[in-house]
1. Tell me, please, whether a residue that is at the interface with chain B (Cβ under 10 Å from one of its Cβ atoms) and either within 16 Å of DNA strand D (Cβ to nearest atom) or of a type in the set (A, V, I, L, M) (or both) can be found in segment A:163-172.
2. Name the residue, out of B:G215, B:G182, B:G189, that is modelled with pLDDT of 95 or more, under 21 Å from the mean Cα position of the chain (by Cα) and closer than 30 Å to A:G88 by Cβ.
3. Could you check how many residues of segment A:177-229 are buried (at least 17 other Cβ atoms within 10 Å of the Cβ), more than 8 Å from DNA strand C (Cβ to nearest atom) and small (G, A, S)?
4. Residue check: is A:H122 touching an Asp or Glu at 6+ places or on another chain (Cβ under 6 Å) and either within 13 Å of DNA strand D (Cβ to nearest atom) or not assigned by TED's automatic domain parsing to the domain that holds A:H32 (or both)?
5. How about segment A:107-121: which of its residues are touching a residue at least 40 places away in the same chain (Cβ under 8 Å) and surrounded by fewer than 21 Cβ atoms within 10 Å (Cβ to Cβ)?
6. Are there helices (runs of 4 or more DSSP H) fully within segment A:113-206 with at least 3 residues that are farther than 23 Å from A:R74 by Cβ and among the small types (G, A, S)? List them.
7. Any idea how many residues of segment B:83-106 are surrounded by fewer than 21 Cβ atoms within 10 Å (Cβ to Cβ), within 12 Å of another protein chain (Cβ to nearest Cβ) and of a type in the set (D, E)?
8. Does segment B:198-205 contain at least one residue that is within 14 Å of chain A (Cβ to nearest Cβ) and within 30 Å of A:I192 (Cβ to Cβ)?
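The values are calculated or read from the model by the stated rules, or taken from the named source; none is laboratory data. Here the structure is a predicted model, which means the values were calculated and not measured. Ideal geometry is used to build each Cβ from the backbone, glycine not excepted, and the neighbour counts take in all protein chains shown.
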Number of protein chains: 2
Amino acid sequence: MPSEAPARCAACAARNRALCAGLADRELAALHAIGRRRVLSAGQVLTWAGDPAIVCGNLVSGLLKVARQEADGRTQIVGLLFPGDFAGDPFDTRATDTIAALTEADLCIYPREALARTLEQHPAAERLLLRRTLATLTAARRALPMLAHARAEARVAAFLLDMAYRAEVSGDRPFVLPLSRGAMAEALGLAIETVSRHITGFRDDGLIALSGLRGIRLLDRVALARRSG
Amino acid sequence: MPSEAPARCAACAARNRALCAGLADRELAALHAIGRRRVLSAGQVLTWAGDPAIVCGNLVSGLLKVARQEADGRTQIVGLLFPGDFAGDPFDTRATDTIAALTEADLCIYPREALARTLEQHPAAERLLLRRTLATLTAARRALPMLAHARAEARVAAFLLDMAYRAEVSGDRPFVLPLSRGAMAEALGLAIETVSRHITGFRDDGLIALSGLRGIRLLDRVALARRSG
DNA sequence: CGTCGCCTTGAGTGCACTCAATTATTGTGG
DNA sequence: CCACAATAATTGAGTGCACTCAAGGCGACG
């Protein structure tokens, strides 16, 4: 039965968050027909900015960065992709961003052109992508005031709170930051040293506890929230 | 004939740039049936952030700003809307941004809910909105590195070049900046004084000529481009 | 002619940057 | 398992840029 939800999709960890969520079996089968799984190890690149755009994909697990190279050689992260998020632009023949894995990442990837054709034949899928893109736009715009005005302390505090939220960690339970200090600096538009200074500052003030390079516990979310605004 | 392109649309200045462009007469008639014209004078607000989202619209002439209020009371412009651009989010019941006119502006506005229903019935229109939204996302992300890293001089230079491009002005022909210094500061994430200082700096260096508060000529685009990045 | 809004110019300060050195952690081979 | 190397993070010192605060100029408009 071609209209049944494919077994791979039914078992997918991102099944209920990705573009696939809410699609009828018919649309899901159409997507499944052109998709395949791919694992990226940390640091590997999915698309290079400027190169012809070959693939798009749904992130199943792990963390991707969407980044741009600046004239002075620095890198600015313009988006972080979490499980369920969509990577790439089905209608752009040339990639505008470099998309790379910050951790080991599991993706369901689609050839860009085939995906574009499939979307044209399945308005329900296209509608989902539209809503998702509108949400992504809102997220990008939320980051604008942060990068434009907020002081370094506020950026770091807000980022830590956001990471805890995304890791679905409540209270002061420990969790692992999926980004290095360098990646955080790229995302927050700061120098590595500045990120480091404020993180150790928070630790010295008793707002957080650190263990190893990536382990962290938020001891005082209220104080962190106060410093984030 | 209900499937004819309505006369108002045929005469519209934004007919070939707005969401309407490329729509078949049938879709155009559906949009026309729920749309009406509205003129905003400079400073008037179309939507307030946080209020229920009532309307969306296509900008026909003039300039709108899409702005967010920060915790410290400052305003950050997260998008500028030029003729043909789409304002609002048809699927969001609450406005996330304050949208206001920077100049007198002419819009074709649609009740949000009716527009959402119309889009669901007309996949071609929805597809156009998707492509437009993807382009807007790219534009927002292009602004991110600017606000995160670029020095004030680079931001102002890039902005002036962009304004000339949007005004479709070539060479050193004079044109009118549609924004006040204050609005430019809100868009560039700078203080008014900083914008003013760099503009007069460019004038003193012979890169631009000013006439009145809004009039400007770009005398040396190459030098401006050099200073923009 | 005076007022109001917008813009310009000046002085001084603070924050985040760069450069530089040290420490901590992770990974690898003996 | 330990020593070592390589990478990542921290810490320190000094500087520059854009900010705030403040005053003055310029035009538009009544």
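1. No, segment A:163-172 has no match at all.
2. None of the other options fit; the residue is B:G189.
3. 3
4. no
5. Answer for segment A:107-121, where residues must be touching a residue at least 40 places away in the same chain (Cβ under 8 Å) and surrounded by fewer than 21 Cβ atoms within 10 Å (Cβ to Cβ): A:P111, A:A114, A:T118, A:Q121.
6. Per the criteria, A:123-149.
7. Here the count works out to 1.
8. no
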